[in-house]
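Engineer: Dumping the structure here so I can ask a few things about it.
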């Protein structure tokens, strides 16, 4: 999708969120408390008044959409953002869809619906990571999106190879998120998987990007 189409879609999604939140706002009493944060166990652990609670996600979505709209304008390597159009669109669209899922989850919880928010969020995030992983290798070097380490930003070879392996790691993490959402392991196991997975991914990407950078005769040293 083109940037203009994504902007229009963003406007439609934000408008739908606002309409849903406004409808829910009318259904709730003035002193209603809306869950806005859930713990690792899937239980709500933070609440807000109904105005903030119901309209926070639409606001975040509007801000995120504005940032995505602005990225090609402020990016110094704009031509490379344009060459990364499919990946850029997938990341933008995926962000919209995840936030839309969160919006529905918040409204449903505010209205007293009984469901497993843990499963919903992890399935949505898993699908998002898998989508990103499939398109990550197509992202061209830039300063705004992608895996930006000191070495990928100063070596096109490091950028390309790091994004190829990064794409595979994102797909694996996405599959792990989906599995976690379906299996719902014990809290200690879940924390270990999440923290261990994030740390391992970061270590691999940083170490690999540096290794390729060292081997690149065309690397830039500033």
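Engineer: Need pairs with beta-carbon distance below 6 Å; first residue on the phi > 0 side of the Ramachandran plot and in contact (Cβ under 8 Å) with a residue 40 or more places away in the chain and within region 78-102, second buried (at least 17 other Cβ atoms within 10 Å of the Cβ) and not in a helix (DSSP H, G or I); sequence gap 6+ or separate chains.
Structural biologist: none
Engineer: Pairs please, first residue from region 107-119 and under 23 Å from residue 183 (Cβ atoms), second anywhere and assigned to a loop (DSSP other than H, G, I, E, B) and at pLDDT 80 or above, Cβ atoms under 6 Å, 6+ apart in sequence or on different chains.
Structural biologist: Listed by first residue and then by second, the contacts come to nothing, as the list is empty.
Engineer: Still on this structure, please answer the following. Could you go through region 174-191 and let me know if any residue there is within 21 Å of the chain's Cα centre (by Cα), farther than 18 Å from residue 118 by Cα and either assigned to a helix (DSSP H, G or I) or at pLDDT below 85 (or both).
Structural biologist: There is no residue in region 174-191 that is within 21 Å of the chain's Cα centre (by Cα), farther than 18 Å from residue 118 by Cα and either assigned to a helix (DSSP H, G or I) or at pLDDT below 85 (or both).
Engineer: In addition: If you go through region 113-143, how many residues are at pLDDT 90 or above, touching a helix residue (DSSP H, G or I) at 6+ places or on another chain (Cβ under 7 Å) and not in a helix (DSSP H, G or I)?
Structural biologist: So the count comes out to 4.
Engineer: Among the residues in region 61-71, are any surrounded by 16 or more Cβ atoms within 10 Å (Cβ to Cβ) and over 16 Å from residue 9 (Cα atoms)?
Structural biologist: Quick first cut of region 61-71, residues surrounded by 16 or more Cβ atoms within 10 Å (Cβ to Cβ) only: 61-62, 64-65, 68, 71.
From the residues that got through so far, the ones that are over 16 Å from residue 9 (Cα atoms) too are 71.
Scanning region 61-71, I find at least one residue that is surrounded by 16 or more Cβ atoms within 10 Å (Cβ to Cβ) and over 16 Å from residue 9 (Cα atoms), so the answer is yes.
Engineer: Let me ask another. Mind telling me which of the residues 79, 44, 16, 24 ends up being within 26 Å of residue 114 (Cα to Cα) and at pLDDT below 95? Quick ask: steps written out before the conclusion?
Structural biologist: Values: 79 fails: within 26 Å of residue 114 (Cα to Cα); 16 fails: at pLDDT below 95; 24 fails: at pLDDT below 95.
Going through 79, 44, 16, 24 in turn, just one is within 26 Å of residue 114 (Cα to Cα) and at pLDDT below 95: 44.
Engineer: Kindly indicate which of 26, 93, 20, 99 is buried (at least 16 other Cβ atoms within 10 Å of the Cβ) and more than 30 Å from residue 144 (Cβ to Cβ).
Structural biologist: 20
Engineer: I've got another one for you. Within region 45-53, identify whether any single residue is part of a helix (DSSP H, G or I), over 14 Å from residue 102 (Cβ atoms) and free of Cβ contacts under 8 Å to residues at least 12 places away in the same chain, and answer yes or no.
Structural biologist: Looking for residues that are part of a helix (DSSP H, G or I), over 14 Å from residue 102 (Cβ atoms) and free of Cβ contacts under 8 Å to residues at least 12 places away in the same chain, one finds none in region 45-53, hence no.
Engineer: Residue by residue through region 202-212, note down the ones that are surrounded by fewer than 16 Cβ atoms within 10 Å (Cβ to Cβ) and either touching a helix residue (DSSP H, G or I) at 6+ places or on another chain (Cβ under 7 Å) or in contact (Cβ under 8 Å) with a residue 24 or more places away in the chain (or both).
Structural biologist: 204
The values are calculated or read from the model by the stated rules, or taken from the named source; none is laboratory data. Everything numeric in this text was worked out from a predicted model, so none of it was measured. With ideal geometry, Cβ positions are generated from the backbone for all residues, glycine too; neighbour counts draw on all protein chains shown.
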